[in-house]
Amino acid sequence: MKKVYMLLIVALSATYGIAQVSGQHEVIGSAGKELITNQGTINFTVGEVSIETNSADTLEGIGMTQGFQQTYFQIEDVTDVSEQSIKDFNVRVWPNPTVRFLNIELGESIEAEYVQAEIIDVSGVKIEMFNVAENPKIDLNIYPVSSYFLRIYDTKSMHMRLFKIIKL
């Protein structure tokens, strides 16, 4: 019986000895993935059973999350979104959400030959790029049901608008 207890103590000691805290994101769940591109990283997990957040008030920004993974995002505005800028680059995109076709209408003061558009998926990968003057109606039939971003920009004035598009 002493051998069984001794074996149990050694096994538990070994388990606690390798359970060190690392600086990496770690989670125990039934499934998950980390997707990395040159524009960012997205993580997801499935099957976690609890949610709890602990933070240290003395160390600003330091915290530990348990349960559903809670990623830290810092979003910085890099575009001029003043009212005058929006009036100068008036773009209308409809219908949204859409099943197949997406229409782009440029304001009267915009020179259409300088306007480019890009369709970007949620992971930040550029899927398609086109000239709006040549293609003001986009056929989204080849894309799976998901959310996308439509970035429309003027190469002459450097104005830009970003739309979230939902493909049904």
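The values are calculated or read from the model by the stated rules, or taken from the named source; none is laboratory data. Predicted model, so just to flag it, every value in this text is computed and none were measured. Every residue, glycine as well, gets a Cβ built from its backbone with ideal geometry; the counts of neighbours run over all protein chains shown.
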statement: When I142 is run through (1) of a type in the set (A, V, I, L, M); (2) at pLDDT 90 or above; (3) in contact with a Leu (Cβ under 9 Å, 6 or more places away or on another chain), the failure sits at (3)
field: segment 137-163: number of residues that are in a loop (DSSP other than H, G, I, E, B) and touching a helix residue (DSSP H, G or I) at 6+ places or on another chain (Cβ under 8 Å)
entry: 4
task: Sort out which residues of segment 151-164 are aliphatic (A, V, I, L, M) and surrounded by 20 or more Cβ atoms within 10 Å (Cβ to Cβ), and write them in order of number.
output: I152
